[in-house]
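A quick write-up on the structure given underneath.
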Amino acid sequence: MPTVVLIFAAMALVLAFSAIKVVPQGRQFTAERFGRYTRTLKPGISFLVPFVDRIGRRLSMMETVLDVPRQDVITKDNAVVSVDAVVFIQVIDAAKAAYEVENLRLAIQNLCMTNIRTVVGAMDLDEVLSQRDSINARLLGVVDAATDAWGTKVMRIEIKDLSPPQDITQSMARQMKAERERRAQILEAEGDKQAAILRAEGAKQAAILEAEGRREAAFRDAEAREREAEAEAKATDMVSQAIAKGDVNAIRYFLGLKYVEAFGELATSNQQRTVIVPADLGGLAGLVEGLRALNTQADGGGLPRTSVPPTR
């Protein structure tokens, strides 16, 4: 009796395990009845008919990364480029992914490799090296359209590496160096040009300011000479009026002033090594006294006052 109970218990456990299926989150299972697909089991607990239904394929519904093997591709201008990539895929329809293609991962890898050769082979080397985003977009459009029948969505395709041959790399390095040297020479020439322009502008401004300074100085010198001439003319006119009235002191003033000026110029001349002193110093003293008397009259308003040093 206990043996029969154990047998029935074991059979019950086997039936329970075969009938109850728990699908984890992020996965889906396909159910088959006598080898034919019937339905897809979602995450959670599901029940099958024992000995009739069974689990067919266990598929991950999460986004998956596939590596595309490196391959050599000939570009449009006959340059050989080594290319590899990564593909991000996600299963959308578990039934199609399980039964429409034999090996989903291998099929997508080969599909990407053939399309990489097609896309890169239709471009020049410069375009391949500079338009990686364009290559990614074109590959994504082609591969995603092809995998739609397999219930798989291609999320992204990224070119991981593009490696031209060593000789082409060296040529590109020399070309880049030459280009940078050319830009440096252009910048240096532009700098010299700007410096020359600034120096010319500075010299121009300096010349303008110097000319304006000379003009201002000449204007002020002319104004000073004009005022001096006006004062001299006024003094001469007043002396002439005094002479016309018979004023002897005015005559003495005029002659004494000229005498003193001539003597002063003679004494301060650079070419004069000796100073000639008049023998008649008394006559010079008389002239000075005449100037003093004329200044006394100028205090009364007759003539302009002249500074006369005292005689000893």
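The values are calculated or read from the model by the stated rules, or taken from the named source; none is laboratory data. Remember, it's a predicted structure, so these values are computed and weren't measured experimentally. A quick note on method: Cβ atoms are made from the backbone with ideal geometry, for glycine too, and the neighbour counts reach across all protein chains shown. The protein model used for the area step is the full one, side chains on, heavy atoms only, and it has no ligands, DNA or RNA in it. Shrake-Rupley method; radii C 1.70, N 1.55, O 1.52, S 1.80 Å.
Remark: pairs (first residue in region 112-141, touching a residue at least 40 places away in the same chain (Cβ under 8 Å); second residue among the small types (Gly, Ala, Ser) and surrounded by 19 or more Cβ atoms within 10 Å (Cβ to Cβ); Cβ separation under 8 Å; 6+ apart in sequence or on different chains) = CYS112/ALA85; ILE116/ALA85; LEU139/ALA85. Looking at VAL128, VAL154, just one residue is modelled with pLDDT under 90 and touching a helix residue (DSSP H, G or I) at 6+ places or on another chain (Cβ under 7 Å), and that residue is VAL128. Among the residues of region 121-149, just one is among the small types (Gly, Ala, Ser) and not in a helix (DSSP H, G or I), namely ALA122.
Taken over region 1-26, the criterion of being under 60 Å from the mean Cα position of the chain (by Cα) and open to solvent by 70 Å² or more (accessible area, probe 1.4 Å) is satisfied by GLN25 alone.
Here region 92-114 is the region considered, the condition is being closer than 20 Å to LEU140 by Cα and open to solvent by less than 20 Å² (accessible area, probe 1.4 Å), and the residue that is nearest to the chain's Cα centre (by Cα) is CYS112.
Condition test on ARG117, is it open to solvent by 60 Å² or more (accessible area, probe 1.4 Å) and touching a helix residue (DSSP H, G or I) at 6+ places or on another chain (Cβ under 8 Å)? No: the conditions fail for ARG117. If you filter region 150-168 down to residues that are open to solvent by less than 60 Å² (accessible area, probe 1.4 Å) and assigned to a helix (DSSP H, G or I), you find that the one that is farthest from ARG105 (Cα to Cα) is ILE168. Highlighted here are the strands (runs of 3 or more DSSP E) found entirely within region 30-109 that include at least 1 residues which are without any contact (Cβ under 8 Å) to a residue 24 or more places away in the chain and of a type in the set (Ser, Thr, Tyr): 36-41. Can we say GLN194 is of a type outside the set (A, V, I, L, M, F, W, C), surrounded by 14 or more Cβ atoms within 10 Å (Cβ to Cβ) and out of contact with any strand residue (DSSP E or B) (no Cβ under 9 Å at 6 or more places or on another chain)? Answer is no for this residue. Within region 27-85, being over 59 Å from the mean Cα position of the chain (by Cα), surrounded by 13 or more Cβ atoms within 10 Å (Cβ to Cβ) and among the β-branched types (Val, Ile, Thr) holds for THR30, THR38, THR40, ILE55.
For region 10-25, does any single residue satisfy the condition of being at positive phi, free of Cβ contacts under 8 Å to residues at least 60 places away in the same chain and either out of contact with any helix residue (DSSP H, G or I) (no Cβ under 8 Å at 6 or more places or on another chain) or in a loop (DSSP other than H, G, I, E, B) (or both)? Taking every residue of region 10-25 in turn, none turns out to be at positive phi, free of Cβ contacts under 8 Å to residues at least 60 places away in the same chain and either out of contact with any helix residue (DSSP H, G or I) (no Cβ under 8 Å at 6 or more places or on another chain) or in a loop (DSSP other than H, G, I, E, B) (or both).
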